[in-house]
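Inspection log for the structure reproduced underneath, given as structure tokens.
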Amino acid sequence: MKKILFLILASAVAQSASIDWSGTYRFEWFDITKPALGKDPNTLNSGSKSYGLHFLTLRPRVLASDGISIYSRFDLLTNQDPYYANSQMGQLWGGSGYGTANANNAGVNNTSRENQVNSDLTIRELFLKVEQENGALLVGRSPYQFGLGISHNAGLGLFDHWYDTKDMLAYKFFVGNVSFTPMLARSYDASPKNGKTNQQQLFEIMYDNVDAGAKLGVLFERGNADVGVVGDAVNAEWSDVLCKTGATNGATTCNRTGAYKEERTSFFLGRQWTEFGFELEGSFLKTKTGVIADGTEVEVDSYGIAAELKYKKPESKWGYNFNFGVASGDNASSIKYESFQFDRNYDVAMLLFNQRLGQRDFLKTDLIKDSSLTPATSFDDEAIGNAGYISFKINHDWKERWKLGYTLTYAQLMAKFDSPSDMKKDLGVELDVELVYFPREKVQWINQIGVLAPGEAFKNGTGASGDLGTTSAVGFASKAAISF
């Protein structure tokens with residue numbers, strides 16, 4: 001039915017307005033050896049993994065009138081796993097299974113089948129934009145990004161697997177090189193009846209001087225979710241993580257009986273000269289969660305900072321990147337939750353902070369991922385959290401259509417896991433090598449090899465819960481994409 005409506009709409013619009021089409025098709029293959037970093041009693045956790053993903057996104061833009069456009073996005077071959085369904089991960093190469101048995105139909109099986117299980121067309125975005133001389137109005141479901149994307153990331157990279165969208169009403173005012181954008185967004189509304197909504201108010205100020213290569217921005221956010229939203233059964237796992245249920249010093253009772261109030265302030269600074277450039281983003285989050293642990297409301301107080309420095313002479317074939325950052329960690333003995341998680345699109349290494357590694361949630365990112373999955377059964381859904389890192393990359397324009405990259409990354413934990421006191425914080429060192437080929441315009445093929453020498457942090461100290469594996473992990477990825 002979705003496909004029929006889509007075709008009817010496209011045909012009707014084409015007769016009265018023009019349509020610009022853009023999009024991306026990509027295929028990716030991953031082979032990760034021992035992501036659990038050693039033998040684990042859980043057999044699902046101890047193995048390696050190999051998988052392919054393919055994905056197509058279409059972005060039609062309807063030019064309805066002078067200065068009035070309707071933007072949309074349709075995704076095909078989306079991931080069928082319930083946890084990854086609301087992402088742009090792409091569908092497994094080989095497709096999903098039929099699921100439960102089909103009575104009296106032996107042809108419906110996953111062993112001798114001769115075709116793939118069909119998947120639906122997914123609508124990700126649909127919004128109206130009205131451009132005027134000194135401003136622009138935006139209303140609808142729109143992607144949103146701020147700065148480097150450590151908190152809000154629209155997922156516009158060729159191989160980004162995550163994205164941020166908001167149902168919003170916004171107006172951007174332009175005053176020279178400065179823009180002011182008040183936004184009203186709603187991320188959840190249970191019904192027409194008041195009392196069960198989750199909405200945000202945002203205000204963005206951005207200075208963007210293209211001629212000088214200078215950018216400066218500030219984002220103020222306020223969010224509110226009603227008691228009825230916090231109390232939804234779907235939030236049970238989220239509240240358990242906030243209460244640290246099951247941890248040594250975790251709460252014995254955990255209830256969702258309050259309202260959610262969030263305050264986030266982010267800043268962005270960037271400057272580009274002829275040879276050198278830098279970008280810096282910081283985000284500071286304070287939240288009253290509405291979750292009650294042993295009679296006390298859990299509050300979030302966390303921060304994340306990321307910086308990127310780039311140097312390359314115009315005539316040189318060599319360039320250098322230096323990235324560093326920190327995501328605050330959590331004090332396991334405190335009711336307050338202090339761990340910050342970067343957006344999962346923000347990567348600095350192939351394995352670290354990208355694939356799940358080790359046999360515990362050392363990075364304190366279970367708040368944003370499915371804790372029932374293991375390093376061997378999950379896709380690349382890890383994020384930078386509870387850690388500081390430095391990453392140095394050398395870029396080499398080898399030939400006209402070929403580029404090489406060499407990246408060395410070191411990281412350590414900000415706070416220890418719920419473990420013996422002799423646990424170390426060293427996460428280890430990773431070396432990544434990549435070869436990028438551009439066979440023609442708008443087409444690229446990337447091959448990567450990553451080797452992680454795990455640090456002592458993955459051992460989790462000694463004792464009953466320690467002495468875990470620290471075997472080196474090796475990863476290979478081959479990814480191709482075409483844009484149009």
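In sequence order, what are the phi-derived ³J(HN,Hα) couplings for the range 325-335 according to the Karplus relation 6.51 cos²θ - 1.76 cosθ + 1.60 with θ = phi - 60°, rounded to whole Hz, with x for glycine and proline?
Result, rounded to whole Hz: x, 8, 10, 4, x, 10, 7, 4, 8, 9, 5.
So what's the convex hull volume per residue for the Cα atoms of the range 183-276, in Å³?
Dividing the Cα hull volume of the range 183-276 by its residues yields 153 Å³.
Name the long-range amide H neighbours of Gly23: under 5 Å, sequence gap of 5 or more, or other chain; modelled H, no Pro or chain starts.
Distant-sequence amide H within range of Gly23: Arg59, Phe484.
Please list the equivalent ellipsoid semi-axes of the range 42-193, computed as the square roots of five times the alpha-carbon gyration tensor eigenvalues, in descending order and whole angstrom. Intermediate results must be reported in sequence, preceding the final value.
Numbers: eigenvalues 313, 69, 46 Å².
Over the Cα atoms of the range 42-193, the ellipsoid semi-axes are 40, 19, 15 Å.
What value, in deg cm²/dmol to 500, does the helix sum -39500 (n - 2.57) over DSSP H runs of n ≥ 4 give at 222 nm once divided by the residues of the chain?
-1500 deg cm²/dmol
Show me the ranking of peptides 406-417, 186-197 by mean Cβ neighbours inside 10 Å, starting with the highest.
Working: 406-417: 19.7, 186-197: 11.9.
Order by mean packing, descending: 406-417, 186-197.
All other residues with a Cβ under 9 Å from the Cβ of Phe322 taken together, and with Lys, Arg as +1 and Asp, Glu as -1, what is their net charge?
On the way: positive: Lys310, Lys393; negative: Glu308.
Every neighbour counted, the sum reads +1.
Per-residue HN-Hα couplings for the range 125-132, Karplus 6.51 cos²θ - 1.76 cosθ + 1.60 at θ = phi - 60°, whole Hz, x for Gly and Pro?
Calculated HN-Hα couplings, in order: 9, 6, 8, 9, 10, 10, 9, 10 Hz.
Please state, as a whole number in µm²/s, the translational diffusion coefficient that the Stokes-Einstein equation yields for the chain at 10 °C and 1.306 mPa s, with Rh defined as the Kirkwood radius across alpha carbon pairs.
Values: Rh = 24.6 Å.
Using the Kirkwood radius from Cα pairs, D works out to 65 µm²/s.
Which whole-number percent gives the relative contact order of the range 215-266, counting Cα pairs below 8 Å spaced six or more residues apart? Could you put the intermediate results ahead of the total?
Values: 56 pairs, mean separation 30.9, N = 52.
This gives 59 percent for the range 215-266.
Please arrange Phe27, Phe173 by counting, for each residue, the other beta carbons lying within 10 Å of its beta carbon, fewest first. Spell out each step's value before the answer.
Working: Phe27 16, Phe173 13.
The order, fewest Cβ neighbours first, is Phe173, Phe27.
At a threshold of 8 angstrom on Cα-Cα distance, excluding pairs fewer than six apart, so keeping six or more, what relative contact order does the chain reach in percent? Each step should come with its number before you reach the end.
Numbers: 1273 pairs, mean separation 61.4, N = 484.
For the chain, the relative contact order is 13 percent.
What does the charge count near Asp20 come to, summing +1 for each Lys or Arg and -1 for each Asp or Glu among other residues with Cβ under 14 Å from its Cβ?
Working: positive: Arg59, Arg61, Arg73, Lys129; negative: none.
Result for the neighbourhood of Asp20: +4.
If the limit is 23 Å between Cα atoms, which of Lys286/Lys424; Lys312/Lys403; Lys244/Lys425; Lys196/Lys364; Lys416/Lys459; Lys215/Lys403 go over it?
On the way: Lys286/Lys424 28 Å; Lys312/Lys403 14 Å; Lys244/Lys425 20 Å; Lys196/Lys364 29 Å; Lys416/Lys459 12 Å; Lys215/Lys403 28 Å.
Beyond 23 Å between Cα atoms: Lys286/Lys424; Lys196/Lys364; Lys215/Lys403.
So what J values fall out for the range 286-299 if you push phi through Karplus, 6.51 cos²θ - 1.76 cosθ + 1.60 with θ = phi - 60°, rounded to Hz, Gly and Pro as x?
10, 9, 9, 7, x, 9, 10, 10, 6, x, 10, 5, 7, 10
Quick one: which residues, 5 or more positions from Tyr84 or on another chain, have an amide H under 5 Å from its amide H? H modelled 1.01 Å from N in the peptide plane, none for Pro or chain starts.
Sorted by chain and number, the residues that satisfy this come to none at all.
Considering amide H positions built from the backbone, and no H for Pro or chain starts, which residues 5 or more places from Gly428, or on another chain, come under 5 Å of its amide H?
Here the answer is Ala411, Gly455, since their amide H atoms fall under 5 Å of that of Gly428.
Values in this text are rule-based calculations from the coordinates and carry no lab data. What you see is a predicted model, and the numbers here were worked out from it, not measured in a lab. As a convention, Cβ positions derive from the backbone with ideal geometry for all residues, glycine included, and neighbour counts pool all protein chains shown.
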